[in-house]
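The values are calculated or read from the model by the stated rules, or taken from the named source; none is laboratory data. Note that this is a predicted model, so its numbers are computed, not measured. Backbone-built Cβ (ideal geometry, glycine too); neighbour counts: all protein chains shown.
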């Protein structure tokens, strides 16, 4: 994975701009964290949707993300460039599935998602290393979101 900065072409190409989290992936440090931050206002808007509609939107974003990430990785000639953060957006939205629109839960979800996205416990790391293309870019963050969702639900039971 390259840490090279994103080229200026992302600002002129709507597909790359989306894959790079509306430009948040251009952050010089921790682009994945900045990409996840973009997901917070999206969750805020989506939080009151019915679970079925929320899940359908996130599924649609996942499927679109496979294309966006694959296209952008090919254009950048780097599989899973750190600036590609659409996968973080989707992963965070998975983390927050059926949680209330509250700053406490949003921040806990943010922290847990970032933890699993960075740590990459089994099988996340395995998938991250061996599954290529847009699906490969997306799937590790989907699993990180599922792990974080499980931990968030466990916290909710305790609190």
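Selection of the stretch 19-36 for residues being under 14 Å from the mean Cα position of the chain (by Cα), touching a residue at least 24 places away in the same chain (Cβ under 8 Å) and surrounded by fewer than 22 Cβ atoms within 10 Å (Cβ to Cβ) yields 24, 33, 34. For the stretch 126-146, a tally of residues being more than 13 Å from the chain's Cα centre (by Cα) and under 19 Å from residue 33 (Cβ atoms) returns 1.
Mind checking which residues of the stretch 116-159 are in contact (Cβ under 8 Å) with a residue 60 or more places away in the chain, closer than 22 Å to residue 105 by Cα and surrounded by 13 or more Cβ atoms within 10 Å (Cβ to Cβ)? Give the steps one after another, and end with the answer.
Step one: of the stretch 116-159, the residues in contact (Cβ under 8 Å) with a residue 60 or more places away in the chain are 117-118, 133-135, 137-138, 142.
After this cut, where a residue has to be closer than 22 Å to residue 105 by Cα as well, the list is 117-118, 142.
Correct list: 117, 142.
Before we move on, is residue 91 modelled with pLDDT of 95 or more, surrounded by fewer than 14 Cβ atoms within 10 Å (Cβ to Cβ), under 29 Å from residue 155 (Cβ atoms) and under 15 Å from the mean Cα position of the chain (by Cα)? No.
Within the stretch 84-102, one or more residues are within 13 Å of residue 18 (Cβ to Cβ) and either outside any helix (DSSP H, G or I) or touching a strand residue (DSSP E or B) at 6+ places or on another chain (Cβ under 8 Å) (or both). Quickly run through the stretch 71-83 and pick out the residues that are buried (at least 20 other Cβ atoms within 10 Å of the Cβ), part of a helix (DSSP H, G or I) and either at pLDDT 95 or above or in contact with a helix residue (DSSP H, G or I) (Cβ under 7 Å, 6 or more places away or on another chain) (or both). If the condition is that a residue be buried (at least 20 other Cβ atoms within 10 Å of the Cβ), part of a helix (DSSP H, G or I) and either at pLDDT 95 or above or in contact with a helix residue (DSSP H, G or I) (Cβ under 7 Å, 6 or more places away or on another chain) (or both), then 72, 73 are the ones that fit.
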